[in-house]
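Structure first, commentary second.
Read-outs: derived from the displayed coordinates by stated rules, not from any lab. None of these values were measured; they are calculated from a predicted model. With ideal geometry, Cβ positions are generated from the backbone for all residues, glycine too; neighbour counts draw on all protein chains shown.
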């Protein structure tokens, strides 16, 4: 298929996974606003913005540290707006939905009409909304609906998309985005556990993460009701059976790359396979015995970024030189 | 229409080849060679199948009892997707009515287009690699490009997806570079190849014309076809039909005055109130001067402009174009309509039984162009 179309599908997968991921954590945060302490609320916002590698556009909110302040309940309206509807923020739900749809619009001939209708319908449902529209009604339901939109879209993909490269690139995009976001999230969570700033945090935040990524029932089954941060971390990072774990995503990526076979730019294709091999080995075999988990997560984050770059260079933006197949 | 496109194709091949029609004085040489649409790069180029215009959209209007050709669109005619979309809308919303009549099918257009494009393959293979070249998502006709690519099962490519190597055109795929045989191009000549035409074009493919001239890729339509749909050449189409086909034209032109001719210019200036004056290189209904809609002062001002640059204009009588009932703001009102049937020509000419039917939406307007807010209707050609 056309390299640009494959690139577009890859990014549809990435953008929609980001919508789902952000929506899940926003739903969690909206729940926290109801009955959590100020430091838990502050931690929730900080976790969201830091791991998404973004910052609010509002200057007062950006410089909270300088003022010796924190993000509390009163800032939540603006912060929620930032991650939901602010188009200038590349991680906001509306921005990611728009970009995902724009990619789909440019390659409607590569996707099924049912996929397009599903995505379009979901987009038009939120396009004209603002934070005011959802804030006083049921913000949690709004975010839950966005998760459902993405899940429905992925279900329609699974039911209607031809299982050739189109499917593979869409899935690779989705899985890489998931792996990168989860690595960043786990990295932040792990650093915070060790920091003085959040030493008073209870286990709420670990438990909420398990719930957020549908790991709570499996956790209770294996470890009981008591929260052990290291068990939660191990589960979300290295559990081979949990669909939202990092290990699970990495292994899926390895399978997809293997299904694609040789890349047009051999060197980058080989590098992509090497990086996914390293990532899989790191998470599966080195993680359990690693003493410095933070270092390992940082290393995995940088490897995942390299993996993305090599995939792009191997299949999408390859230079025409001797290594390219005619 | 088949007669007309046959003559137009012969004309284009002739003017870029031996130019017999010019040598025989049927059309003045300066009208052709001085036309901005004449592409000198096409001189001596062997055009696949001797068919430079594979896809033609001819604009027809009904005046009184007969149809007249308003203009031929021979470069990148658009609108065919609306013809099909309108039909699908009608079939959905007027099921019973549609079922009652034996309406000719327009939805097979995609199949006919594919068959036609396939015939242009320079290698003559049964399964050539066909792509549709679009300027991109910001082009007003992008929906149509996507629609047609889907209909014919071709990749929808932009200039950046193609490259030329050793005189062949390739597209970047996820399996490497794939040789392209036929390009259905929806990019204007000027932007097609920055090495030949506009140097600042980022829509085209550097070296594309080189590959085309070597016969390694087919471009449909060929570059330079605009020479035959220029408004100043339009007046000669009946002569072309007689010259190349030794037949009388079946479809009539609209009477046309070439302002470059002194007699025609004087007639135009004297009768401006009854005429519509058009710039020869214009399209989309832009730059029209409809005398009847203007004040005396405006006509005087335009007369000066006409005298200064007569070669740039033609004039035609204001036609009483046929009207059709239209649903306008909850009322049925008459509106002017025209038809754009699409003629596909490869080894043979093919048509579907329908046309893109355009409407001038403002009351009393004669301008049907989509780019100026024109509407559209589903047109039924009913079987006997």
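Percent of Cα-Cα pairs more than 14 Å apart in the stretch A:198-272, please.
Working: 1829 of 2775 pairs.
Percent of Cα pairs beyond 14 Å in the stretch A:198-272: 66.
Legend: mean number of C-beta atoms from other chains within 10 angstrom of residue C-beta atoms, peptide A:106-112, equals 5.
What does the extension gain come out to for residue B:332 and residue B:33, with contour length at 0.36 nm per residue minus their alpha carbon separation?
On the way: separation 299, 0.36 × 299 = 107.64 nm, distance 4.85 nm.
Using 0.36 nm per residue and subtracting the Cα-Cα distance, I get 102.8 nm.
Converting the Cα gyration tensor eigenvalues of the protein assembly as shown into ellipsoid dimensions via √(5λ) gives semi-axes, longest first, of 60, 30, 23 Å.
The Rg/Rh ratio of the stretch B:1-134, with Rg taken over Cα atoms and Rh as the Kirkwood radius over Cα pairs, comes to 1.05. One equal scatterer on each Cα of the stretch B:255-317, no solvent, Debye formula: the resulting log10 I(q)/I(0) at q = 0.16, 0.18, 0.27 Å⁻¹ is -0.42, -0.53, -1.26. Max-minus-min Cα coordinates of chain B on each principal axis give 64, 58, 42 Å, with the largest extent listed first.
Normalising by residue count, the stretch B:114-157 has a Cα convex hull of 69 Å³ per residue. Averaged over peptide A:160-168, the number of partner chain Cβ atoms lying within 10 Å of each residue's Cβ comes to 1.
Can you give the FRET efficiency for residue A:116 and residue A:37, using 1/(1 + (r/R0)^6), R0 = 45 Å, r = Cβ-Cβ distance, to the nearest 0.05?
The pair residue A:116/residue A:37 has a calculated efficiency of 0.50.
With coordinates expressed along the principal axes, the C-alpha atoms belonging to the stretch B:271-384 extend over 51, 46, 24 Å, beginning with the largest.
What value, in deg cm²/dmol to 500, does the helix sum -39500 (n - 2.57) over DSSP H runs of n ≥ 4 give at 222 nm once divided by the residues of the protein assembly as shown?
Dividing the helical sum by the residues of the protein assembly as shown leaves -14500 deg cm²/dmol.
Once the mean of 1/r is taken over each pair of separate Cα atoms and inverted, the stretch B:203-245 shows a Kirkwood hydrodynamic radius of 12.6 Å.
Considering every residue in A:4-14, what mean count of other chain Cβ atoms within 10 Å of its Cβ is obtained?
Numbers: counts 10, 6, 3, 2, 0, 0, 0, 0, 0, 0, 0.
Mean partner-chain Cβ count within 10 Å for A:4-14: 2.
Normalised by the number of residues in the stretch A:3-316, the average gap of Cα pairs under 8 Å and 6 or more apart makes the relative contact order 23 percent.
Peptide packing for A:302-308, B:243-249, B:352-358, A:153-159 was compared via the average number of neighbouring C-beta atoms within 10 Å per residue; ordered from the highest value, the list is B:352-358, A:302-308, A:153-159, B:243-249.
Diagonalise the Cα gyration tensor of the stretch A:1-118 and give the resulting equivalent ellipsoid semi-axes, square root of 5 times each eigenvalue, largest first, whole Å.
Three semi-axes, in Å: 34, 14, 10.
Based only on Cα atoms, what Rg/Rh ratio does the stretch A:226-311 have, Rh being taken as Kirkwood's radius? Rg divided by Rh gives 1.02. With 10 Å bins beginning at zero, the pair-distance distribution over Cα atoms of the stretch A:109-202 amounts to 13, 28, 29, 21, 8, 1 %.
Size of the stretch B:181-317 from its Cα atoms: along the principal axes, largest to smallest, the extents are 55, 42, 23 Å.
With the simple model of a label 7 Å out from the Cα in the direction of the Cβ, residue A:226 to residue B:274 spans 10.4 nm. Taking every Cα-Cα distance in chain A and sorting them into 20 Å bins from zero, the calculated P(r) comes out as 31, 58, 11, 0 percent. Of the residues B:234, A:15, B:98, the one with the fewest other Cβ atoms within 10 Å heads the list, and the complete ranking is B:98, B:234, A:15.
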